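Notes to accompany the following structure.
Any read-out appearing in this document is the output of simple, stated calculations on the displayed coordinates, not a laboratory observation. Nothing here was measured: the structure is a model prediction, and the numbers come from that model. We place every Cβ from the backbone using ideal geometry, glycine too, and count neighbours over all the protein chains shown.
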Amino acid sequence: MGVELAYTDAVARATAGLYAKVSKVIPEMEWPVHAPLIAEINRLKRERNAVILGHNYMTPEIFHCVSDFVGDSLALAREAARTDAAVIVQAGVHFMAETSKILSPQKTVLIPDTRAGCSLAASITAADVRLMRQKHPGLPVMTYVNTSADVKAESDICCTSGNAVAVVESIAKTFGTDTVIMIPDQYLARNVAAKTGVKVITWAGACEVHEKFTPQEIRDLRAANPGLTVLAHPECPPDVVAEADFAGSTAGMINYVGQHRPAKVVLITECSMSDNVAVEYPDLEFVRPCNLCPHMKRITLKAILHSLQTMTTEVTVDPIISARAKIAIDRMLAVKL
Ligand code: 13P
Ligand code: SF4
């Protein structure tokens, strides 16, 4: 690739501070593999006037060593709308990159691996949404951000797991209805309905990572780890959420750990979360059962470097679809939490 990527003394010195931060979760023998990539990515970012938006499920070397901004889907969307950089590299999955492009159409948005999809986004099409509207005329359609731009364009408002309760209450009030179509995550919809007075009509979509957790798994974890605090993502089935002490978005779980400092905690979500949070809270014990998201794991340091070197793959959204999807996203961003 025309660039010397050896673990030289200069690279070791330049990345020593970063390694000190992640040394609890990245073995020392792995650092010579990561460090030259990290140094080159950080140099190229400056050259290209690029920012890397890293989701909370990125591996620690991406999350802590090259990302300029990290967070849940909601925070990344807000940052995409705000950043002054010319280029956004989305260290996350495709729907997140599309959301960034819709919010910042004048910027170049790159996804390091176009195969980084999402089982929820793949579960529903724009035609499905149109059919749902025909079946339930007059009801508002509230769509999880984990969907394609085409699906967002058919929606009245978007939500993330971080704001779904506030958004469903807001849209029900605006439409003067007690029932909202909330798609495509059947579990998120049911978990949100349980926390509000709003009834939901949903879709048969699910996150392939969170649907694997079971209530028995949580009970077994508690039995094996007395005093354990259990935090779960609301994409988990409702019977799993019922066993947890708290359910919230990836950022919601991180905030809970920061505020409550549970001595022993398990995050019922994607595997990299515990690594990333453990770096910030070395005094807490993280129990580590987790499920990997194969889509998030497509994003590697090598893929990010290649993306910045070649300025690929650029994410584009049809301007008419983009304008319609933006209305639904902007409505979501305007809801006060
Ligand atoms: P958050 O919005 O909580 O970060 O979730 C995104 C996601 O893909 C969870 O599986
Ligand atoms: Fe989609 Fe689930 Fe992966 Fe999140 S964790 S990107 S919801 S498949």
Just give me the residues in the stretch 103-121 being hydrophobic (A, V, I, L, M, F, W, C) and touching a Phe, Trp or Tyr at 6+ places or on another chain (Cβ under 9 Å), in sequence order.
C118, L120, A121
Evaluate the stretch 61-78: report whether one residue or more is touching a Ser or Thr at 6+ places or on another chain (Cβ under 7 Å) and over 24 Å from A251 (Cβ atoms).
no
If you go through the stretch 201-214 one residue at a time, do you hit one that is more than 29 Å from Q134 (Cβ to Cβ), assigned to a helix (DSSP H, G or I) and either touching a strand residue (DSSP E or B) at 6+ places or on another chain (Cβ under 7 Å) or not aliphatic (A, V, I, L, M) (or both)?
yes
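Look at the stretch 104-117 and say how many of its residues are within 15 Å of ligand 1 (Cβ to nearest atom) and either surrounded by fewer than 24 Cβ atoms within 10 Å (Cβ to Cβ) or hydroxyl-bearing (S, T, Y) (or both). So that I can check it myself, show each step before the final result.
Going residue by residue through the stretch 104-117, those that are within 15 Å of ligand 1 (Cβ to nearest atom) are 111, 116-117.
Imposing the further condition that a residue be either surrounded by fewer than 24 Cβ atoms within 10 Å (Cβ to Cβ) or hydroxyl-bearing (S, T, Y) (or both) reduces the set to 116-117.
Of the residues in that region, 2 qualify.
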Looking across the stretch 212-237 at residues that are surrounded by fewer than 23 Cβ atoms within 10 Å (Cβ to Cβ) and within 15 Å of ligand 2 (Cβ to nearest atom), the single one that is nearest to L337 (Cα to Cα) is P237
List every residue pair whose Cβ atoms sit under 6 Å apart, with the two residues 6 or more apart in sequence or on different chains, where the first one lies in the stretch 204-225 and is without any contact (Cβ under 8 Å) to a residue 60 or more places away in the chain and the second, anywhere, is part of a helix (DSSP H, G or I).
P215/D239; P215/V240
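Can you tell me which residue among V180, V240, V192, V209 is crowded, with 19+ Cβ neighbours inside 10 Å and away from ligand 2 (no atom under 16 Å from the Cβ)?
Numbers: V240 fails: away from ligand 2 (no atom under 16 Å from the Cβ); V192 fails: away from ligand 2 (no atom under 16 Å from the Cβ); V209 fails: away from ligand 2 (no atom under 16 Å from the Cβ).
Exactly one of V180, V240, V192, V209 is crowded, with 19+ Cβ neighbours inside 10 Å and away from ligand 2 (no atom under 16 Å from the Cβ), namely V180.
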Residue check: is S161 within 12 Å of Y144 (Cβ to Cβ) and either of a type outside the set (V, I, T) or not in a loop (DSSP other than H, G, I, E, B) (or both)?
yes
If you check D275 against the conditions, is it surrounded by fewer than 19 Cβ atoms within 10 Å (Cβ to Cβ), out of contact with any Lys or Arg (no Cβ under 7 Å at 6 or more places or on another chain) and touching a residue at least 60 places away in the same chain (Cβ under 8 Å)?
no
Of those in the stretch 215-235 that are touching a helix residue (DSSP H, G or I) at 6+ places or on another chain (Cβ under 7 Å) and assigned to a helix (DSSP H, G or I), the residue nearest to P140 (Cα to Cα) is P215
Across the stretch 177-202, what is the number of residues that are more than 16 Å from ligand 1 (Cβ to nearest atom) and in contact (Cβ under 8 Å) with a residue 60 or more places away in the chain?
1
Looking at (1) assigned to a helix (DSSP H, G or I); (2) surrounded by fewer than 17 Cβ atoms within 10 Å (Cβ to Cβ), find the lone condition where V257 falls short.
(2)
I need the helices (runs of 4 or more DSSP H) fully contained in the stretch 271-337, keeping only those with at least 1 residues that are among the basic types (K, R).
301-310, 319-334
